[in-house]
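Peer 1: Input: one structure, supplied below.
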Amino acid sequence: MRSQQLFILMVFLASFSFGQNKQVLYGFSEVPQSLLLNPGMQIDNKGYFGISLLSHVHVNGSSSGISLYDLFAEDGRDFNLKLRNTVNTLRPTDFLTATQQLEIISGGFALGPSYDKNEYLSFGLYQEFDAISYFPKDYAILALEGNQRNIGRPFLLEHLNFSANVVSVLHIGYNKRVNSKFTYGVRGKIYSNVADISSNANSGRFITLQGDNNIYKHFFDLNLEVKTSGIDGFLDDNTDSQEAIKDLRRRLLFGGSLGVGIDLGFTYHITDQWFVDASILDVGFITHSKDIKRYQVKGDLEFEGIDPIFPENNDNLTADEYWSQIEEDFEEIFTLDSTTSRYTTSRPVKFNSSLNYAFGKKKLKDCDCSAEDDGYLNRIGAQLYAIKRPKGLQAALTAYYYRRIFSGFSAKATYTVDTYSFSNIGLGVSANIFGLNLYLMADNLLAYRNIYDAQHVSLQLGLNYIFKNEN
Amino acid sequence: MMVTRTKYLYLALVTLLVCGCTKPIDFDQANDLVLQPVIESSLIFYSASASDFFVGGSEQSTAEDFVEIDLFGGSFIQDNLVRVEFVFEIENSINRAYQLRLNFLDENNQLLESFNVNTDASPNNEVIASTHMEVFEGDALERLKQSRIIAFTLVMQPGEAINQDTPGEISVKSKGVFSLNID
């Protein structure tokens, strides 16, 4: 039963797309949290603070390849048949990701002379969970079929590729409007590891070939490693829950393995109505040095069978001695070794960029002229997003329309294309009421008709208090 | 009036949530999952020339050996192995018939299962190829799973006497086909 559940989990792990893309929030400058996506964004408030624990909640699960619905639909088809089809359809580059972010505190304020506050400091603390797993296709085939139907086919161990981690991130950002055209920003981050598990550098293979002396020869060339940091301590039976919680709190507050990172970004106005911006986020790493446990399976072995050496004509070994030797070799190669040496993980680097066109000034009722200071009401643009993942870049392209509907209330609609979906429509609204800024954003709206068929869902919401710019 | 309206609104909302948002889906199907991998593995092999059976100036017609195995020891194999097939491929060009006997014994040396692989003599020293298959299922398989020792006995059957210069060779290759049913 356990192996069965594990197997289903494995297939699932394969099935989910973009965990980290927040295309609706990007460039939505009314929402202060958009500053986290581009530290060089143009800011038009005097300051803000996020209402604790509510200022930014972001959850996201997504899939590539297949959906939950494909597998579990009540369609009368044999489940095992559906599962086999799924396994055969999925590629080893298909993946599942899940991301979640929770802002604990955040705030910011403008700096500079009162007539021209052209600098902005922002800071905060958030917790982030990020996981990705590629589909371990060859492992699934081996579990489904065995090697009988796959003589001569190598089972590649590199198909096992996953990582998951929880970190808390303390950050401080500096933003400067150099002139009316150019703004840049930089954000420094300190990461504190809460828990990390990864297995991204596996290699080797298992293959069965026609043998020379016997029917088959089997080759095992194993090089597998799972690294964990901050997990082993919790697995210890002697740790009671009280202590575990204390320990968890300590790590969230920078008692764990630490790392550093940087975000960079800019905005440039080509004309009054056209502007471009770009950012690169989380260029950083964590050095894991506390509570490390690394598990390895390493070695190679060739097995062709036992020669019981009938007329005992060679080696002077009895069959049993011969077999014992083989058993030892097998044991040696399949024994799980563990070490506690430190290791480094890099953060998933993200890149955002957009080209935007603003238009349509507000018309005043009593004259046929446009209002002076309110700026443009509409904006359209294209955004490019990319994230570096263990098996390469994943990218998404978004077209959007933004509209300030009335003072203090604006909305943005997005259409996003990525490798796996051509029908991702997102919508976000931001409302300011008495200084309170409330925002809600979701994407893949079409999929909500049948949530199980969704390969990607993302939701962000939050609450801030904003000090408005008087001028 | 107001209450009824609220009720309808609520009903509509629930209907929308339940019916509108999902199509029927049944996660219990996962319980139907059955994995049926088939593993093939090389087992024993040997080859010997006729003269190997002529030791110290006389014919040695019997050779015996054994291995202690822990192949069936684990609970995973005990629970999920449903069929075992042994396949032997023999090539003989010696003018003597052979019988390979496999005895499966438990740790107290009690015989649980056994079978023979017979090979015909080759009077004109041409290679005679034959295949022998032995299938274990049901009760026989359960007994096989209890075995901890496999003893091999190769008996050269009576026939034309051999000496140092008798031509011919016998070679045996084998594999096990292990069918699992994991549910």
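The values are calculated or read from the model by the stated rules, or taken from the named source; none is laboratory data. The structure displayed is predicted, hence computed values, not measured ones. Virtual Cβ from ideal backbone geometry, glycine too; neighbours counted across all protein chains shown. For accessibility, only protein heavy atoms count, side chains too; no ligands or nucleic acids. Shrake-Rupley method; radii C 1.70, N 1.55, O 1.52, S 1.80 Å.
Peer 1: Select from the stretch B:5-52 the residues that are at pLDDT below 55 and among the β-branched types (V, I, T) and list them in ascending order.
Peer 2: The answer is B:V14, B:T15, B:V18, B:T22.
Peer 1: Right, next: Give the residue that is surrounded by the fewest Cβ atoms within 10 Å (Cβ to Cβ), with candidates limited to residues of the stretch A:231-254 that are within 26 Å of A:G124 (Cα to Cα) and touching a helix residue (DSSP H, G or I) at 6+ places or on another chain (Cβ under 8 Å).
Peer 2: Taking the candidates together, the pick is A:A244.
Peer 1: Tell me the residue from A:S192, A:S180, A:S199 that is on the phi < 0 side of the Ramachandran plot and open to solvent by 10 Å² or more (accessible area, probe 1.4 Å), please. Walk me through it before giving the result.
Peer 2: On the way: A:S192 fails: open to solvent by 10 Å² or more (accessible area, probe 1.4 Å); A:S199 fails: open to solvent by 10 Å² or more (accessible area, probe 1.4 Å).
That would be A:S180, the only listed residue that is on the phi < 0 side of the Ramachandran plot and open to solvent by 10 Å² or more (accessible area, probe 1.4 Å).
Peer 1: Let me ask something else about it. Could you please find all residues in the stretch A:400-420 being buried (at least 21 other Cβ atoms within 10 Å of the Cβ) and either within 15 Å of A:N378 (Cβ to Cβ) or small (G, A, S) (or both)?
Peer 2: A:Y400, A:Y402, A:S410, A:K412, A:T414, listed by residue number.
Peer 1: A further question follows. Being more than 7 Å from every other protein chain (Cβ to nearest Cβ) and buried (at least 16 other Cβ atoms within 10 Å of the Cβ) is the filter here; which residues of the stretch B:42-55 pass it?
Peer 2: At the first step, the residues of the stretch B:42-55 found to be more than 7 Å from every other protein chain (Cβ to nearest Cβ) are B:47, B:49-51, B:54.
Result: B:S49, B:A50, B:S51, B:F54.
Peer 1: Take the residues of the stretch A:44-68 that are open to solvent by 40 Å² or more (accessible area, probe 1.4 Å) and modelled with pLDDT of 70 or more: which is farthest from A:S354 (Cα to Cα)?
Peer 2: Among those residues, the one meeting the criterion is A:I51.
Peer 1: Now, a different point. Run down A:T208, A:T267, A:T271, A:T228 and say which single residue is under 30 Å from B:E89 (Cα atoms) and either part of a strand (DSSP E or B) or open to solvent by less than 70 Å² (accessible area, probe 1.4 Å) (or both). Can you show your working first?
Peer 2: Numbers: A:T267 fails: under 30 Å from B:E89 (Cα atoms); A:T271 fails: under 30 Å from B:E89 (Cα atoms); A:T228 fails: under 30 Å from B:E89 (Cα atoms).
Going through A:T208, A:T267, A:T271, A:T228 in turn, the sole match is A:T208.
Peer 1: Let me ask you something else. Give the residues of the stretch A:421-471 that are assigned to a loop (DSSP other than H, G, I, E, B), open to solvent by 70 Å² or more (accessible area, probe 1.4 Å) and at pLDDT 75 or above, sorted by residue number.
Peer 2: Matches in the stretch A:421-471: A:F422, A:F434.
Peer 1: Something else now. Counting residues that are in contact with a helix residue (DSSP H, G or I) (Cβ under 6 Å, 6 or more places away or on another chain), which strands (runs of 3 or more DSSP E) fully inside the stretch B:23-100 reach at least 2? Explain how you work it out, then say what you get.
Peer 2: On the way: elements: B:38-49, B:62-68, B:81-92.
So the answer is B:38-49, B:62-68.
Peer 1: Suppose we keep only residues that are in contact with a Lys or Arg (Cβ under 7 Å, 6 or more places away or on another chain) and open to solvent by 30 Å² or more (accessible area, probe 1.4 Å) within the stretch A:138-169. Which one would you say is farthest from A:N223 (Cα to Cα)?
Peer 2: Pass one, the stretch A:138-169, residues in contact with a Lys or Arg (Cβ under 7 Å, 6 or more places away or on another chain): A:144, A:154-157, A:159, A:161, A:169.
Filter once more, so that each one left must be open to solvent by 30 Å² or more (accessible area, probe 1.4 Å): A:154, A:156.
Numbers: A:P154: 14, A:L156: 11 Å.
Going through the qualifying residues, I end up with A:P154.
Peer 1: Name every residue in the stretch B:58-81 that is open to solvent by 40 Å² or more (accessible area, probe 1.4 Å) and within 13 Å of the chain's Cα centre (by Cα), in order of residue number.
Peer 2: B:L71, B:I77
Peer 1: Still on this structure: Of the residues in the stretch A:129-180, how many are touching a Pro at 6+ places or on another chain (Cβ under 9 Å) and part of a loop (DSSP other than H, G, I, E, B)?
Peer 2: 6
Peer 1: Could you tell me how many of the residues in the stretch B:93-102 are away from chain A (no Cβ under 13 Å) and under 22 Å from A:I215 (Cα atoms)?
Peer 2: 1
Peer 1: From B:L112, B:L144, B:L100, grab the single residue that is crowded, with 17+ Cβ neighbours inside 10 Å and under 20 Å from B:V55 (Cβ atoms).
Peer 2: On the way: B:L112 fails: under 20 Å from B:V55 (Cβ atoms); B:L144 fails: under 20 Å from B:V55 (Cβ atoms).
Of B:L112, B:L144, B:L100, the one residue that is crowded, with 17+ Cβ neighbours inside 10 Å and under 20 Å from B:V55 (Cβ atoms) is B:L100.
Peer 1: Taking A:Y415 as the residue in question, decide whether it is at pLDDT 90 or above, aromatic (F, W, Y) and in a strand (DSSP E or B).
Peer 2: On the way: at pLDDT 90 or above: yes; aromatic (F, W, Y): yes; in a strand (DSSP E or B): yes.
Yes; evaluated as a whole, the condition is true for this residue.
Peer 1: Got a sec? Which of B:D120, B:D139 is touching a strand residue (DSSP E or B) at 6+ places or on another chain (Cβ under 8 Å) and open to solvent by 70 Å² or more (accessible area, probe 1.4 Å)?
Peer 2: B:D120
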